[in-house]
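Data block below; observations after.
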Amino acid sequence: MPALIVATRNEHKLRELRELLPGVDLDPVPDEVELPPEEWDSFAENALGKARAAHAATGRAAIADDSGIEAYGLDRRPGVRSARYAGEEATDEENLAKLISEVGRQDDRRLAYVAVIALVDLAGEESIFEGRCEGTLAAEPRGSGGFGYDPAFVPDDTGPGDRRTMAELTPDEKNAISHRGRAARALAAHLGLEARR
């Protein structure tokens, strides 16, 4: 299996993908490669745009991920704007604070994490793999693991008696149920590989 270029400069995503796809060499996109801005209206379009750019610039098989959180009480916002929800230069903490504030004014605290991984292989063939994780928003952040919205995302998959947030789970527990984990397992199956569960 040749190494894949990962069209991201987000170290958290790169580390998670390496954990999820053991045995696959994942190289970060070279610094000189310009990735397109995430300006499309869907996770799939954003992921494909980045994977296409990395493939075109390097001639190598490339993957890219786009992910975010959808709050049902906010008509699925922030969605593709998750990383910039509180502004273009917003920190994870600022984005999370805005979501907690806005969802706190709604009756519906249901959420979904969504991840799409796009693959552009050596021949330029394109494939899309989506993963979802349903949950609810905690009233305040808890836990020191994960990143982004993890400190307030309580996943359904751990069971009704488990109120831990994604940031309170072990990495293995999180990877087994996360949106990115599910998308990565679908990618691994497509490549004929075994992904970590």
Across the range 41-58, which residue is nearest to Ile69 (Cα to Cα) among those that are of a type in the set (A, V, I, L, M, F, W, C) and under 16 Å from the mean Cα position of the chain (by Cα)?
Phe43
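Hey, any hits in the range 50-60 for a residue that's of a type in the set (S, T, N, Q), closer than 21 Å to Leu21 by Cβ and surrounded by fewer than 19 Cβ atoms within 10 Å (Cβ to Cβ)? Break it down stepwise before answering.
Step one: of the range 50-60, the residues of a type in the set (S, T, N, Q) are 58.
If we keep only those that are closer than 21 Å to Leu21 by Cβ too, we end up with 58.
Remaining after also requiring surrounded by fewer than 19 Cβ atoms within 10 Å (Cβ to Cβ): 58.
Scanning the range 50-60 turns up at least one residue that is of a type in the set (S, T, N, Q), closer than 21 Å to Leu21 by Cβ and surrounded by fewer than 19 Cβ atoms within 10 Å (Cβ to Cβ).
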Any pair with Cβ under 9 angstrom, 6 or more apart, that starts in the range 166-194 at a residue that is free of Cβ contacts under 8 Å to residues at least 40 places away in the same chain and under 14 Å from Pro155 (Cα atoms) and ends at one that is in a helix (DSSP H, G or I) and of a type in the set (Ser, Thr, Tyr)
Leu169/Thr158; Glu173/Thr158
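Just need a number here: residues in the range 58-95 that are assigned to a helix (DSSP H, G or I) and in contact with an Asp or Glu (Cβ under 8 Å, 6 or more places away or on another chain). So that I can check it myself, show each step before the final result.
From the range 58-95, those assigned to a helix (DSSP H, G or I) are 58, 72-74, 79-84, 92-95; that's our starting set.
Restricting the remaining residues to those that are in contact with an Asp or Glu (Cβ under 8 Å, 6 or more places away or on another chain) gives 72-74, 79-80, 83.
Residues in the range 58-95 being assigned to a helix (DSSP H, G or I) and in contact with an Asp or Glu (Cβ under 8 Å, 6 or more places away or on another chain): 6 in total.
Being without any contact (Cβ under 8 Å) to a residue 24 or more places away in the chain, assigned to a helix (DSSP H, G or I) and surrounded by fewer than 20 Cβ atoms within 10 Å (Cβ to Cβ) narrows it down to one of Glu39, Glu45, so name that one.
On the way: Glu39 fails: assigned to a helix (DSSP H, G or I).
It is Glu45.
Have a look at Ala97, Ala139 and point out the one that is at pLDDT 95 or above and more than 30 Å from Arg60 (Cβ to Cβ).
Values: Ala139 fails: at pLDDT 95 or above.
Just one listed residue meets the conditions, Ala97.
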Please specify each residue of the range 35-58 satisfying the condition of being at pLDDT 95 or above, in contact with a strand residue (DSSP E or B) (Cβ under 7 Å, 6 or more places away or on another chain) and among the charged types (D, E, K, R).
Lys50, Arg52
Members of the range 1-24 found to be loosely packed, with under 14 Cβ neighbours inside 10 Å and of a type in the set (A, V, I, L, M), listed by number
Met1, Ala3
If you check every pair at least six apart or on different chains, which have Cβ atoms under 7 Å apart with a residue in the range 20-31 that is part of a helix (DSSP H, G or I) first and a residue that is among the aliphatic types (A, V, I, L, M) second?
Leu20/Ala184; Leu20/Ala195
Wholly within the range 98-197, strands (runs of 3 or more DSSP E) carrying at least 2 residues that are surrounded by fewer than 17 Cβ atoms within 10 Å (Cβ to Cβ) and touching a helix residue (DSSP H, G or I) at 6+ places or on another chain (Cβ under 7 Å)
126-137
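Please work out if Phe147 is of a type in the set (Phe, Trp, Tyr), within 15 Å of the chain's Cα centre (by Cα) and at pLDDT 95 or above.
Values: of a type in the set (Phe, Trp, Tyr): yes; within 15 Å of the chain's Cα centre (by Cα): yes; at pLDDT 95 or above: no.
Criteria not met by Phe147.
The values are calculated or read from the model by the stated rules, or taken from the named source; none is laboratory data. In this text the structure is predicted, and so the values were computed from the model without any measurement. In this analysis, Cβ positions are derived from the backbone assuming ideal geometry, glycine residues included, and neighbour counts consider all displayed protein chains.
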